[in-house]
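Chemist: Below: one structure in structure tokens.
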Amino acid sequence: MRWLIAGAKGMLGQDLVERVVRDGHDVVAVDRDEIDITDPHSVAQVVKDIDVLVNVAAFTAVDKAEEEEAAAFTVNATGPEILARRCAEIGARIVHISTDYVFGGDATSPYQENELMEPKGAYGRTKAAGEWAVRVNTNNYLIVRTAWLYGAHGNSFPATMKRLVEANGTISVVTDEVGQPTWTVDLADLIVRLIDAEAPSGIYHGTSSGSTNWNGFAKAIMESIGKDPEVVKETTAAAFNRPAPRPHYSVLGHLALERIGVEPIGNWAERWKEASNVVLAED
């Protein structure tokens, strides 16, 4: 099977390339230097002779999107539209990575795959538009929503917490945002398992099981580096003046995976124990 991964130099993209290669598949790994997903000509030149395309490319600067929504829309909606249309033309399956930000972020129980999208900010609006763009341009798609991603490649929450506590001794982390810390290695594995299972076209949630808040995750990170978890102090989102609203509740349900017999990612705390040495390894 021949895969093309757009956004291959990102945190998820690098782990996905490694996972697919390990399975013995041919991989075309491209990033912005090799493909412009917003340009139909560029896409036609690069996207050919493949079986699966995974679109990891995105405008992910949540705050910046508030001021540059048109630019975010071009990458997060127009790009997926062009990719999905091209995949339909050549008979390839597209896997499109989306986000918890398509929801309102104010629920009290896990968001299921078929719930109403109700984004509160520009980033969420453009990602929701991207989902629709994929769905209307091909009938051979997997939309995989994820949240609270961390990994070894690039900046992520665990590395930031480690750096801040080593510099300052204590850190203040919010308690009023709840979600599912998810390792990029686990999400890459889930994507491969969905393709291997020939999953029906639809929306799936690619997050760890269980839930915590950012403060709880930060305390787990401290334990992993031999620090007292009590160096993590409590605060709330109101203490941070951010242009874009953050979801207070980002927990995603996994009913679609369970219905097709694909096992969801394991509990976030157990997965972090396995991930920590890799994610926090010194260069």
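Chemist: Given (1) surrounded by 18 or more Cβ atoms within 10 Å (Cβ to Cβ); (2) touching a Cys at 6+ places or on another chain (Cβ under 8 Å), where does Pro158 come up short, assuming only one miss?
Modeler: (2)
Chemist: For segment 97-116, how many residues meet the condition of being more than 17 Å from the chain's Cα centre (by Cα) and either in a helix (DSSP H, G or I) or hydrophobic (A, V, I, L, M, F, W, C) (or both)?
Modeler: Matching residues across segment 97-116 total 2.
Matching residues to (1) surrounded by 22 or more Cβ atoms within 10 Å (Cβ to Cβ); (2) hydroxyl-bearing (Ser, Thr, Tyr):
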site	(1), (2)
Asp189	no, no
Ala197	no, no
Tyr204	yes, yes
Gly216	no, no
Ile221	yes, no
Lys227	no, no
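Chemist: Looking at this structure, is Ala88 surrounded by fewer than 24 Cβ atoms within 10 Å (Cβ to Cβ) and either under 18 Å from the mean Cα position of the chain (by Cα) or not in a loop (DSSP other than H, G, I, E, B) (or both)?
Modeler: Values: surrounded by fewer than 24 Cβ atoms within 10 Å (Cβ to Cβ): yes; either under 18 Å from the mean Cα position of the chain (by Cα) or not in a loop (DSSP other than H, G, I, E, B) (or both): yes.
Yes: the conditions hold for Ala88.
Chemist: Let me ask something additional. Could you tell me whether segment 194-209 includes any residue that is in contact (Cβ under 8 Å) with a residue 40 or more places away in the chain, touching a helix residue (DSSP H, G or I) at 6+ places or on another chain (Cβ under 9 Å), part of a helix (DSSP H, G or I) and not hydrophobic (A, V, I, L, M, F, W, C)?
Modeler: Among the residues of segment 194-209, not one is in contact (Cβ under 8 Å) with a residue 40 or more places away in the chain, touching a helix residue (DSSP H, G or I) at 6+ places or on another chain (Cβ under 9 Å), part of a helix (DSSP H, G or I) and not hydrophobic (A, V, I, L, M, F, W, C), which makes the answer no.
Chemist: Here is a further query. For Glu282, indicate whether it is in a strand (DSSP E or B) and of a type in the set (Asp, Glu).
Modeler: In short, no.
Chemist: Shifting gears a bit: For segment 33-63, give me the residue count where each residue is without any contact (Cβ under 8 Å) to a residue 40 or more places away in the chain and surrounded by 16 or more Cβ atoms within 10 Å (Cβ to Cβ).
Modeler: So the answer is 2.
Chemist: Considering only residues that are out of contact with any Lys or Arg (no Cβ under 8 Å at 6 or more places or on another chain) and of a type in the set (D, E, K, R), look in segment 171-194 and name the one that is nearest to Trp214 (Cα to Cα).
Modeler: Asp176
Chemist: Restricting to segment 240-255, name every residue that is within 12 Å of Trp214 (Cβ to Cβ) and surrounded by fewer than 17 Cβ atoms within 10 Å (Cβ to Cβ).
Modeler: Hit for segment 240-255 is Phe240, nothing else.
Chemist: Keeping to segment 261-270, report how many residues are surrounded by 14 or more Cβ atoms within 10 Å (Cβ to Cβ) and outside any helix (DSSP H, G or I).
Modeler: The first filter runs over segment 261-270 and keeps only residues surrounded by 14 or more Cβ atoms within 10 Å (Cβ to Cβ), leaving 262, 264-269.
Those left that are additionally outside any helix (DSSP H, G or I): 262, 264-267.
Final tally of qualifying residues: 5.
Chemist: Within segment 83-102, is even one residue more than 24 Å from Trp3 (Cα to Cα), of a type outside the set (A, V, I, L, M, F, W, C) and in contact with a strand residue (DSSP E or B) (Cβ under 7 Å, 6 or more places away or on another chain)?
Modeler: Keep residues of segment 83-102 that are more than 24 Å from Trp3 (Cα to Cα), which gives 100-102.
Of the ones still in play, those that are also of a type outside the set (A, V, I, L, M, F, W, C) are 100-101.
Now restrict to residues that are in contact with a strand residue (DSSP E or B) (Cβ under 7 Å, 6 or more places away or on another chain): 100.
Yes, segment 83-102 contains at least one residue that is more than 24 Å from Trp3 (Cα to Cα), of a type outside the set (A, V, I, L, M, F, W, C) and in contact with a strand residue (DSSP E or B) (Cβ under 7 Å, 6 or more places away or on another chain).
Chemist: Being part of a helix (DSSP H, G or I) and of a type in the set (A, V, I, L, M, F, W, C) narrows it down to one of Ala152, Ala128, so name that one.
Modeler: Ala128
Chemist: Just to be sure, is Ala77 at pLDDT 95 or above, within 22 Å of Ala147 (Cβ to Cβ) and in contact with a Lys or Arg (Cβ under 9 Å, 6 or more places away or on another chain)?
Modeler: Spelling it out, Ala77 is indeed at pLDDT 95 or above, within 22 Å of Ala147 (Cβ to Cβ) and in contact with a Lys or Arg (Cβ under 9 Å, 6 or more places away or on another chain).
Chemist: Right, another one. Looking at segment 150-177, I want the residues that are in contact (Cβ under 8 Å) with a residue 24 or more places away in the chain and have a partner that is assigned to a loop (DSSP other than H, G, I, E, B) and loosely packed, with under 15 Cβ neighbours inside 10 Å with Cβ atoms under 6 Å, at least 6 apart or on another chain. Which pairs are those?
Modeler: Sorted first by the residue in segment 150-177, then by its partner, the pairs are Lys162/Ile225; Val174/Thr236; Asp176/Thr236.
Chemist: With segment 8-84 as the region, which helices (runs of 4 or more DSSP H) entirely inside it contain at least 3 residues that are under 21 Å from Leu194 (Cβ atoms)?
Modeler: In segment 8-84, 11-22 are the helices (runs of 4 or more DSSP H) which contain 3 or more residues that are under 21 Å from Leu194 (Cβ atoms).
The values are calculated or read from the model by the stated rules, or taken from the named source; none is laboratory data. Keep in mind that what you see is a predicted model, and the values were worked out from it rather than measured. In this analysis, Cβ positions are derived from the backbone assuming ideal geometry, glycine residues included, and neighbour counts consider all displayed protein chains.
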